[in-house]
Amino acid sequence: MNLDFSQIVPYIPFMIEGIWVTLQFVIVAIIIGFIIGTVLALFKIGSIKPLRMFADAYTSMFRGTPLILQLMIIYLATPQLFAYDISPFLSAVLAFGLNSSAYVSEIIRAGILAVDKGQTEAAVALGVPYREMMIDIILPQALKNILPALMNEFITLTKESAIVSTIGYLDLMRRAQVVGANIYLNFEPLLFVGLIYWGLIMVLSLLGKWLERRLSVGD
Ligand code: ARG
């Protein structure tokens, strides 16, 4: 056995820095995924058929292919079409945001459909316009239903973020590999960032539990 944790000490700040680098694009991707996902969910439950078909096809495509392939298409393949340079950061934000929106749209769609039909009926009877009904009445109630599933999605996204290491983005995962290559020891840096990922997920799930408790105060 050949373990020497003292070797990673000089690299600890470098690896810690990766937390922010990872979180940066994960947070932006979560926001994009949530916004597009909400729009797609409204398309799915709406009555306009072309929009419904678009949202269904979109979801099917993004859930039916590997995320790493979508990332590669955005980072490596689209520059071939449009002759532009796209940074690893922007590629990652787009791939993760677009991919997540497909999952989020299904979560929100199910959450909206789970809101009691009487709520819609009452709103319609009172003459509340569709937009206000959705934003002020249905979505706030749906949010409570979907919160656990949504937190789950954010956790998945945070862990899957490690695949951006394949396009040279210096995230946590990539940093562990760089350190491993430098000191010819892989166990120590991988274990170190593993603990960081685990910590991040713990924080996320505690946050989810706390939000859930807060939202259920009214029940
Ligand atoms: N490993 C899966 C894939 O490659 C994960 C997709 C991302 N999942 C998610 N809930 N956003 O397709």
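Residue check: is Ile35 part of a helix (DSSP H, G or I), open to solvent by less than 60 Å² (accessible area, probe 1.4 Å) and within 23 Å of Glu160 (Cα to Cα)? Here the answer is no, as Ile35 does not meet what is asked.
For region 137-154, the condition holds for no residue, the condition being that it is within 29 Å of Asn2 (Cα to Cα) and β-branched (Val, Ile, Thr).
What's the number of the condition Thr78 fails, among (1) hydroxyl-bearing (Ser, Thr, Tyr); (2) touching a residue at least 12 places away in the same chain (Cβ under 8 Å); (3) within 22 Å of Phe54 (Cα to Cα)? So the condition that Thr78 fails would be (2).
In region 53-65, which residue that is exposed (fewer than 15 other Cβ atoms within 10 Å of the Cβ) and in a helix (DSSP H, G or I) is farthest from the ligand (Cβ to nearest atom)?
Taking the candidates together, the pick is Met53.
For every residue, the table says whether it meets (1) within 14 Å of the ligand (Cβ to nearest atom); (2) part of a helix (DSSP H, G or I).
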site	(1), (2)
Leu150	yes, yes
Ile163	yes, yes
Tyr169	no, no
Leu190	no, yes
Gly194	no, yes
Trp198	no, yes
Ser205	no, yes
Gly208	no, yes
Leu211	no, yes
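Only one of Ile112, Ile74, Ile68, Ile107 is within 16 Å of the ligand (Cβ to nearest atom), surrounded by 18 or more Cβ atoms within 10 Å (Cβ to Cβ), within 21 Å of Asn152 (Cβ to Cβ) and among the hydrophobic types (A, V, I, L, M, F, W, C); which?
That would be Ile107, the only listed residue that is within 16 Å of the ligand (Cβ to nearest atom), surrounded by 18 or more Cβ atoms within 10 Å (Cβ to Cβ), within 21 Å of Asn152 (Cβ to Cβ) and among the hydrophobic types (A, V, I, L, M, F, W, C).
For the list (1) hydrophobic (A, V, I, L, M, F, W, C); (2) open to solvent by 10 Å² or more (accessible area, probe 1.4 Å); (3) touching a Ser or Thr at 6+ places or on another chain (Cβ under 9 Å), I need the number of the one condition that Leu94 fails. Going through the list (1) hydrophobic (A, V, I, L, M, F, W, C); (2) open to solvent by 10 Å² or more (accessible area, probe 1.4 Å); (3) touching a Ser or Thr at 6+ places or on another chain (Cβ under 9 Å), Leu94 breaks only (3).
The values are calculated or read from the model by the stated rules, or taken from the named source; none is laboratory data. Please read all numbers here as calculations on a predicted model, not as lab measurements. Note: ideal-geometry Cβ built from the backbone for every residue, glycine included; neighbour counts use all protein chains shown. With ligands, DNA and RNA removed, areas are computed over all heavy atoms of the protein, side chains included. Shrake-Rupley method; radii C 1.70, N 1.55, O 1.52, S 1.80 Å.
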